[in-house]
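The values are calculated or read from the model by the stated rules, or taken from the named source; none is laboratory data. In this text the structure is predicted, and so the values were computed from the model without any measurement. Every residue, glycine as well, gets a Cβ built from its backbone with ideal geometry; the counts of neighbours run over all protein chains shown. Note: accessible area is taken over every heavy atom of the protein model, side chains too, but ligands, DNA and RNA are not part of it. Shrake-Rupley method; radii C 1.70, N 1.55, O 1.52, S 1.80 Å.
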Amino acid sequence: MGKDRQMNSWGYIDWIQREPSGGGFPASIGFVNLLPGKRQAEHTHHSEAQFLYTITGYGEHIINGKRYQFGPGDHFLMDSGVVHATINRGEEVMQELIVSIPIHLCRDVAPVQDGSSFDPDFAQAALLDGIGQLARDTLDHVNMPVVLAGGSQDIIYCKGLPPLCRRCEEPACPLRRSVHELHSDHCAACSSVVCPRGLTVLVQPVMLDNRACGFIKGGLFRQYPNIPAAGEVYDVPDSTVNAARFFLQDISSYLAAFYQERKRQRPPLPGLPAGEAAGIVEQLRTHTLNIQIRNHLLFNTLNSIASLAVRDGSMDTYRAIIDLAELLRGLLRREGARVPLSEEIAFLQRYINLQTLRFEDGLQVTWRRCAAAERTFVPHNFLQPIVENALLHGYNGHDRRELLIETALEEGRSVVRVQDNGCGMDAQTLERLRSSLYSGAAHGLSMVNRKLAGVFGQDFHFDIASRPGEGTCCRLSFPI
């Protein structure tokens, strides 16, 4: 047995890297081994993106009810919320490379230090409002069983429970009743309990001013093959369990942030400056935007890695995934952060390293850098979507892609240019693109514009120049 082997009823997974519970390396990477004639039960990728590349064997994936035959060299990219099962149709062990990347919502925030005593009625009211907002923005659109309960275990929100749980009449059901125990020294941690039917239920407290004022419950996995599970079977990889755990933690962080915002909106105490520490409002306003940009990057890059897998085999794929994991680590650690432009450039270089794997000699990047300009603080991850847009949409069949990325000081402002040698665009198309920057659309350049506005207000410039056959230049400038 491998030193990090997860046994399942259908086979086993040898993990190369599991995501640590404390964060850090953002991807779980391993090799799935499905035994001949076995079936991996239908399960949901609740809050994880997953990439599968077949190394040996033949089988069938069932993805959202559709059947796909596969063999060595085939690959699949699955977004969060996908319902998935795998069947080994061959006479040998089927082996796949699996990469699982959790989707995060937001980060923890510092509490408001206003000197007031804890008000349980205010906390519960804020919790109810926060759950309602989160349900509308996210939970109603996520394919994941989740129960949100108040401090007294009364159910406030419930979604996506499978038939096994909807039919359950067990008096000790942890989803519907208070049967779990939280260690007093670690009450903020995500814990788990095995229900009477053999399913693991994750339990994440919602901490408001260091008090457990609510609970988020979800998961519903069969983690222990030696414990029989009645009815449906939920025997899933540990990466799926970890992704769900992180998602519940993020829900808790969101509700804590919502509570802190409400505290800031309360009338100030005598001597407390009004409007103090309003940054949390910006964090809540932009968390969905950050998810859009991150997922856009994730799936376009995984598509590139999938092409590499078909061409070169699994080991090159593995090395590319390691580069991607390093890139995504920056995303997960810097959600909503402002960083020096030099750090943003270093982040962009990691992305370009991955694109060089894809285009090889067909991509040439020239850097011109100014250290003084790169001391400016900027929103994290605003340059990568610009470069990605150029690589994906700027060439229209051009064989050689050339980029110039430049930082400079001009007229007392920090300037960044991204110039490509692509096909360019006519005046009418250029005007439509410029107008779309302010449309609130979900494409990359519009999201970049909104990110910059969230940091600099109106004190920034995002200009696009282009002519047919002469390429496109994006010029951005901000105060130093």
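Structural remarks
- Residues in the range 357-385 that are at pLDDT 85 or above, part of a helix (DSSP H, G or I) and in contact with a helix residue (DSSP H, G or I) (Cβ under 6 Å, 6 or more places away or on another chain): E374, Q384, P385.
- Matching residues, the range 64-88, being of a type in the set (D, E, K, R) and within 19 Å of L34 (Cα to Cα): R67, D74
- So G115, is it within 30 Å of Q265 (Cβ to Cβ), modelled with pLDDT under 90 and surrounded by fewer than 18 Cβ atoms within 10 Å (Cβ to Cβ): yes
- Test: residue in the range 215-229 that is modelled with pLDDT of 60 or more, of a type in the set (F, W, Y) and either more than 19 Å from the chain's Cα centre (by Cα) or crowded, with 23+ Cβ neighbours inside 10 Å (or both): yes
- Listed conditions (1) in a helix (DSSP H, G or I); (2) touching a residue at least 24 places away in the same chain (Cβ under 8 Å); (3) under 27 Å from N353 (Cβ atoms); (4) not basic (K, R) are all met by S446, apart from (2).
- Qualifying residue in the range 139-152 (condition: out of contact with any helix residue (DSSP H, G or I) (no Cβ under 9 Å at 6 or more places or on another chain) and either on the phi > 0 side of the Ramachandran plot or at pLDDT 80 or above (or both)): yes
- Flag for V415 being out of contact with any helix residue (DSSP H, G or I) (no Cβ under 6 Å at 6 or more places or on another chain) and within 30 Å of L357 (Cα to Cα): yes
- Residue in the range 460-468 that is open to solvent by less than 30 Å² (accessible area, probe 1.4 Å), within 23 Å of H380 (Cβ to Cβ) and part of a strand (DSSP E or B) present: yes
- A search for C-beta distances below 7 Å between a residue of the range 362-382 that is open to solvent by less than 40 Å² (accessible area, probe 1.4 Å) and any residue that is assigned to a loop (DSSP other than H, G, I, E, B) and not basic (K, R), counting only pairs 6+ apart in sequence or on different chains, returns G362/D399; T376/I480; H380/A337.
- So A408, is it open to solvent by 30 Å² or more (accessible area, probe 1.4 Å), more than 16 Å from F382 (Cα to Cα), assigned to a strand (DSSP E or B) and aliphatic (A, V, I, L, M): no
- The range 386-400, residues that are open to solvent by 80 Å² or more (accessible area, probe 1.4 Å) and assigned to a loop (DSSP other than H, G, I, E, B): N396, D399, R400
- Any chance E48 is within 21 Å of the chain's Cα centre (by Cα) and not aliphatic (A, V, I, L, M): yes
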